Amino acid sequence: MELDQKKFHSLLKSTGSAARTVLAAVFGSRRPADRVLSTWFRDNRRCGSRDRRFISESIYALLRNWGLLRRFLPAERLAEIESGTIRLGRAELDALLFGALYLDAHDLPTARLLARELNLRWPQPLPAAEPLIGRAAALAKLFGVPVEFHLSDLVPEWVAGALPADFPFDRFLADLRRRPPMWLRAQCDDPARLAEELTAAGLTVHRHERLPAALRVNDPRVNLHTLESFRRGDFEVQDLASQCIGLAAAPRPGEQWLDACAGAGGKSLQLADLMKRRGTVVACDVRSYKLDDLRLRARRAGFPNIVTREWDGKPFHGKQAGRFNGVLVDAPCSCSGVWRRNPDGRWTLHPEELTKTAELQQTILAAAAPAVRPGGVLVYATCSLFPVENGMVVEKFLAEHPEFTLEPFANPLTGEPTSGQLQIRSFDGDCDSMFVARMRRKEEK
């Protein structure tokens, strides 16, 4: 980034202001960083697109590397920050931002400008098996902090014990260091043509080798909302792992499906598309305002087969009981599977919350299950890596509802058979991590 000194000072001031706001909201009230930053940009419209990009990248580098950076801070200062009290001076905050950019190794020219601003000599990475640890050790030497670093510092200590015993923890940590790509789902008859159109618009597009509708876009610098293909509803932003949930559900044209926790409706749209716009998808959520976005998206793409309804979370009964060929329960969860995308979530989740979340998931799954007709399908999904929210929920549900059994399906990413449950890890497809289970309700005798 080529900036004159005056412009650079102004940009650093804005970045510091945004960083303070985000850290205070994330640690003080556990608000998601992306929403806080979006509000900050809305309140500071003087920032151009270039400045917004730098501010966003700097703050996400700070959050992505917080597990290492927090070890440079005195105990009292760290406790203040992680309780939401941000009393960092300008130089102290700039030093943290410098450390974040240096560790991230993405925008090193700007990191060098910041080092000069702080009168710091440029640290040469020290020898280490992992480059990130070598850079962290160089920072420790520069700042005179006697700290030994490990990749496991990237997450709280309790996380490893909450994962499956055979989970490849090192690969997980390696992915947490990398920015996730953006995945699009083609919502048109000709994904190849769409890929060509997006490429012509300046995007770098890679089609998935197995899933024709899945398009990976790395580091997009084009505003997707300005594209004619977006206005036509030819694609939606939807992570590859999320797309696998709809493929595991495998709805057929003409069926009746219920998306019980639809939210903004990404999976509802996918279900309706897989059904060739025939049949009906009823999208429900306990928060009716969440469905507003789905209505806009469905209207833009011209979906005639999506209906939205508020759900009070109570068991389906009456006309709704036994009505649907399939029910999707994309349950609220820890969101540990999207920590690459939302790194602040690593530090705001407490282990004792997992049990409470699992109890809520059990309640929602049991309430939605009566809507499945005999012979129909019940799909349970989360964006979690923790068994307590995934397989253990399914196991307990099946024990209490013998009318349902697991139904094997093919792993959408590989074609290999599953037992009826699938944990997608980020390193399985450079995507988020998600869990899905497919269950079949027995036919009535």
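Structure summary
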| item | result |
| --- | --- |
| Among (1) under 21 Å from Ala262 (Cα atoms); (2) open to solvent by 30 Å² or more (accessible area, probe 1.4 Å); (3) within 26 Å of the chain's Cα centre (by Cα); (4) among the hydrophobic types (A, V, I, L, M, F, W, C) - the single one Ala321 does not satisfy | (3) |
| Residue in segment 163-171 that is touching a His at 6+ places or on another chain (Cβ under 6 Å) and either surrounded by fewer than 19 Cβ atoms within 10 Å (Cβ to Cβ) or not in a loop (DSSP other than H, G, I, E, B) (or both) present | no |
| Test: residue in segment 122-138 that is open to solvent by 80 Å² or more (accessible area, probe 1.4 Å) and among the basic types (Lys, Arg) | no |
| Residues of segment 410-445 that turn out to be assigned to a loop (DSSP other than H, G, I, E, B) and either hydroxyl-bearing (Ser, Thr, Tyr) or touching a Ser or Thr at 6+ places or on another chain (Cβ under 6 Å) (or both), as a count | 6 |
| Hits in segment 234-264 - residues which are buried (at least 22 other Cβ atoms within 10 Å of the Cβ), in contact with a Ser or Thr (Cβ under 8 Å, 6 or more places away or on another chain) and under 23 Å from Leu365 (Cα atoms) | Ala241, Trp257, Asp259, Ala262 |
| Matching entry among Leu398, Leu354, Leu422, Leu360 (being farther than 30 Å from Glu57 by Cβ, surrounded by fewer than 22 Cβ atoms within 10 Å (Cβ to Cβ) and touching a residue at least 60 places away in the same chain (Cβ under 8 Å)) | Leu354 |
| Residue count, segment 14-55 (criterion: open to solvent by 50 Å² or more (accessible area, probe 1.4 Å), outside any loop (DSSP other than H, G, I, E, B) and more than 26 Å from Thr348 (Cα to Cα)) | 2 |
| Condition broken by Thr414, with the remaining ones in (1) touching a residue at least 60 places away in the same chain (Cβ under 8 Å); (2) in contact with a Lys or Arg (Cβ under 7 Å, 6 or more places away or on another chain) satisfied | (2) |
| Test: residue in segment 329-342 that is more than 28 Å from Gly28 (Cβ to Cβ), surrounded by 20 or more Cβ atoms within 10 Å (Cβ to Cβ) and modelled with pLDDT of 95 or more | yes |
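The values are calculated or read from the model by the stated rules, or taken from the named source; none is laboratory data. This structure is a prediction, so every number in the text was calculated from the model and none was measured. Glycine also receives a Cβ, built like all others from the backbone with ideal geometry; neighbour counts cover every protein chain displayed. Just the protein is used for accessible areas: all its heavy atoms, side chains included, with ligands, DNA and RNA removed. Shrake-Rupley method; radii C 1.70, N 1.55, O 1.52, S 1.80 Å.
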